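**Q** Handing you a structure now.
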Amino acid sequence: MLFRRPSIKTCRALLEELRYAAQPFKVEKLVFTGVGGRDVYNISAPFEDEGELVIAGRVESRGSEHSEVYFFVQRDGKWTPREGAPVFALQDPFVSKIHGHLVFGGVQIFPHPTIEGTLGWRTVFYRGKNVASLKEFAKGPDGMKDIRLVELKDGSIGVFTRPQGEKGGRGKIGFTRIASLDDLTAEVIKSAPLLNNQFIDEEWGGVNELHLLANGLVGVLGHIAYLDKEGNRHYYPMVFVLNPDTMETSNIELIATRSHFLEGPAKRPDLVDVVFSGGLIRKKDGTADLYAGISDAEAQKITIVDPFIKYERQE
């Protein structure tokens, strides 16, 4: 059985499993221009808007955490800001299609209300018929990133969450359902029950993008991470599958590591081993292109075996 009660596996155990799995191939760097020499990373996968492919990307100076999200289109092999498109003061953009709406979001930072000199954060959601018409419609709870939405087979909306602290420790994944985008509130997000058996308490994870599979299961693209004794961060792109009717999940699997990508710069020395899953384009030949932020400094694309096919074939 591919779909059974999952067991908790550490990053190190998952890395060992990946050694014996099909390896990624065909890697390339994405070239971005028109942003004044700033870095572009933690991108979305390309999505269609008004008849052309668009990528949302985090744009940021190397020494800053204050970023903007631009929408890029490809011109002569390079990705350049789309003329006339809105720019948002957000981090880590994501997109999905829900009930005919383009849903876009990202992480908004702000001065922490109680801890002087530090930043707080929240996830902000926008919707529209296209990029040009995006309007804010919801905010997540303060202190929560990695909230993602997916339209389910019955028309309801799956909401994946990532609480930290008393409920989620360093970061665990929750799931709930709502009937409409108008039902998305901070309270609904906070109350989502956690999925079982995913991360040890010393590690954490979150959802980056969601795929409704043909059989109604949800393919989850996410990340799992830990902090080593020297304070270095280690982020790995991972996948699992959720049955939204039973809350059952498959085991987490890694799909790549930093070593599979091309060499390049890092924002800081502690971020060298960071791959932040952006999005996955599934292809008819049984492969998929993973778009990812690399070392918080650049964006790359790598081709892998489609990780969801084996689950999609299950009834």
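A short reminder: the numbers here are calculations on the coordinates, not readings from a lab. Predicted, not measured: the structure shown is a model, and the values here were computed from it. Neighbour counts are summed over all protein chains in view; Cβ atoms, including those assigned to glycine, are modelled from backbone coordinates with ideal geometry.
**Q** Stick to the Cα atoms of the range 1-62, pair each with every other, and give me the Kirkwood hydrodynamic radius in Å at one decimal.
**A** 15.9
**Q** Within 10 Å of each candidate Cβ there may be at most 16 other Cβ atoms; applying that plus a DSSP loop requirement, which trypsin sites (Lys or Arg not before Pro) in the range 160-233 survive? Walk me through the numbers on the way to the answer.
**A** Numbers: sites: K167, R170, K172, R177, K190, K229, R233; in loops: K167, R170, K172, K229.
Answer by residue number: K167, R170, K229.
**Q** Which log10 I(q)/I(0) values, to two decimals, does the range 175-314 give at q = 0.16 Å⁻¹ under the Debye formula with one point per Cα?
**A** For the range 175-314, the Cα-only Debye profile gives -0.93.
**Q** Right, something else. In straight Cα distance, which lysines are under 21 Å from K135, not counting same-chain residues fewer than 8 positions off?
**A** K97, K145
**Q** Roughly what % of Cα-Cα distances in the range 237-315 sit above 22 Å, to the whole percent?
**A** Numbers: 1015 of 3081 pairs.
Every Cα pair in the range 237-315 considered, those over 22 Å come to 33 percent.
**Q** May I ask you to compute the full-extension gain from V31 to A132, defined as 0.36 nm times their residue separation minus their alpha-carbon distance, rounded to one decimal in nm?
**A** Values: separation 101, 0.36 × 101 = 36.36 nm, distance 2.37 nm.
Full extension of this stretch gives 34.0 nm more.
**Q** Taking the alpha-carbon distance from K284 and a cut-off under 17 Å, which lysines remain once sequence neighbours fewer than 8 residues away in the same chain are dropped?
**A** Excluding near neighbours in sequence, the set is K26, K310.
**Q** Could you give me D for the range 135-186, from Stokes-Einstein at 10 °C and 1.306 mPa s, where the hydrodynamic radius is the Kirkwood radius over C-alpha pairs? Units µm² s⁻¹, please.
**A** Details: Rh = 11.8 Å.
The estimated diffusion coefficient comes to 135 µm²/s.
**Q** For the range 11-312, what D do you get in µm² per second when you plug the Kirkwood radius from alpha-carbon pairs into Stokes-Einstein at 4 °C and 1.567 mPa s?
**A** Details: Rh = 19.4 Å.
The estimated diffusion coefficient comes to 67 µm²/s.
**Q** Another question, if that's okay. Separation between the E187 and L262 pseudo-spin-labels, each 7 Å from Cα along Cα→Cβ, expressed in nm?
**A** 5.1
**Q** Calculate the spin-label point distance for N196 paired with I109, positioning each point 7 Å from the Cα along the beta-carbon direction, and give it in nanometres.
**A** With each label point 7 Å from Cα toward Cβ, the separation is 3.8 nm.
**Q** Which order do the peptides 275-284, 254-263 come out in when sorted by mean C-beta neighbours inside 10 angstrom, highest first?
**A** On the way: 275-284: 20.6, 254-263: 17.6.
Top to bottom by mean Cβ count within 10 Å: 275-284, 254-263.
**Q** Points 7 angstrom from Cα along the Cβ direction at A89 and A13: gap in nanometres?
**A** 4.4
**Q** Can I get the semi-axes of the range 208-260's equivalent ellipsoid? Compute them from the C-alpha gyration tensor as square roots of 5 times the eigenvalues, in angstrom, largest first. Each step should come with its number before you reach the end.
**A** On the way: eigenvalues 146, 28, 12 Å².
For the range 208-260, the semi-axes come out at 27, 12, 8 Å.
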